[in-house]
Amino acid sequence: QIHPLLLPNIYQGKSLVQVDAKLERIVSGLILKTARLIRFDPYANAFKLKPHDNAKLSKFERESLGRHGYISTWNYELDSACYFMRMLYFFHASFPFHPVLREREVKEAVMIMVDVWISEQRHEEDAYPTGELFDCVHCGKPYRYNPKELKRNGKGTITNSSVGLTWSGFRPSDDACLYGYLIPANMFAVVVLGYMMELAEV
C-alpha cells in the first residue's frame, strides 16, 4: 500500500515519503518500474520480477492467459492504471520537481493508458490502440482473454459503445466483470484523468 505514504500532512505537516529518503527512493523507483511494465504490456495487471521461461509455457498459457516475459496475470483491470496515475499525482505533490516525473518513460506510460482507455470505449467494435508505443507481443489486436472467464470467446459480455464508458475485463478482486463497464473503476478513471490534466499544465 503506497498511497498512505503519499498523503499530505501526516507527520509534522509533511507526507511520510517526504521525511524518509529511503521511502522516496522506493516510490520513485516504483514509478519508473511501473511505467516500464506498462510499456511492456498495458493490458497486464501483475508482473514477475524475473521473466518466464517462455519455452516452458503451454500454448494455453501464452495465448489464452497472455503469459510471457514478465507477465504474471494478464487480467485487464481498468483500475490498475488508475492507481499508477494517482501515485504520480500525490508523489508530485510531495516532490514537484523530482526528476522521475520528467522521465520520458513515465510520460509515455500515461499516454499509453489514456489511448487504451479511449480504445476500450469501443470494445464492442474490437477497437484497440495503435502507434509506435504499442509494440508489445499482444498489441495490434483486440484484447481477448481466457474464454472460461470472459464470455464470447474471451471478449466478455455485450457492451454499448455509445455510452462513453471504458471497458474493463476484471474487477480489482481479479473476478471477471459480468458487465464490462465497471462503474467504480470508471469513476476512478475520471478522477485520475483530472489529476493528469493538472500535471500536464505544470
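The values are calculated or read from the model by the stated rules, or taken from the named source; none is laboratory data. Since we're looking at a predicted model, the values are computed, not measured. Don't worry about glycine lacking a Cβ; one is built from the backbone with ideal geometry, like all the others, and counts go over all protein chains shown. The area values use the complete protein model at the heavy-atom level, side chains included, leaving out ligands, DNA and RNA. Shrake-Rupley method; radii C 1.70, N 1.55, O 1.52, S 1.80 Å.
Summary of computed values
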| item | result |
| --- | --- |
| Subset of segment 46-88 [open to solvent by 70 Å² or more (accessible area, probe 1.4 Å), modelled with pLDDT of 90 or more and in a helix (DSSP H, G or I)] | Y83 |
| Filtered residues of segment 4-45 (kept if out of contact with any Lys or Arg (no Cβ under 9 Å at 6 or more places or on another chain), part of a loop (DSSP other than H, G, I, E, B), over 13 Å from F84 (Cβ atoms) and not aliphatic (A, V, I, L, M)) | N9, Q12, G13, S15, D20, D41, Y43 |
| Candidate set: segment 150-172, residues that are free of Cβ contacts under 8 Å to residues at least 40 places away in the same chain and of a type in the set (D, E, K, R); chosen: the one most open to solvent (accessible area, probe 1.4 Å) | K151 |
| In segment 178-200, residue most open to solvent (accessible area, probe 1.4 Å) [restricted to those that are touching a Ser or Thr at 6+ places or on another chain (Cβ under 7 Å) and free of Cβ contacts under 8 Å to residues at least 24 places away in the same chain] | Y179 |
| Flag for R25 being open to solvent by 60 Å² or more (accessible area, probe 1.4 Å) and over 19 Å from H98 (Cβ atoms) | no |
| Condition met for H123 (over 23 Å from R67 (Cβ atoms) and either modelled with pLDDT of 95 or more or open to solvent by 50 Å² or more (accessible area, probe 1.4 Å) (or both)) | no |
| Matching residues in segment 28-44 - criterion: being surrounded by 15 or more Cβ atoms within 10 Å (Cβ to Cβ) and more than 14 Å from A109 (Cα to Cα) | S28 |
| Matching residues in segment 136-159 - criterion: being over 17 Å from the mean Cα position of the chain (by Cα) and charged (D, E, K, R) | K141, K148, E149, K151, R152, K155 |
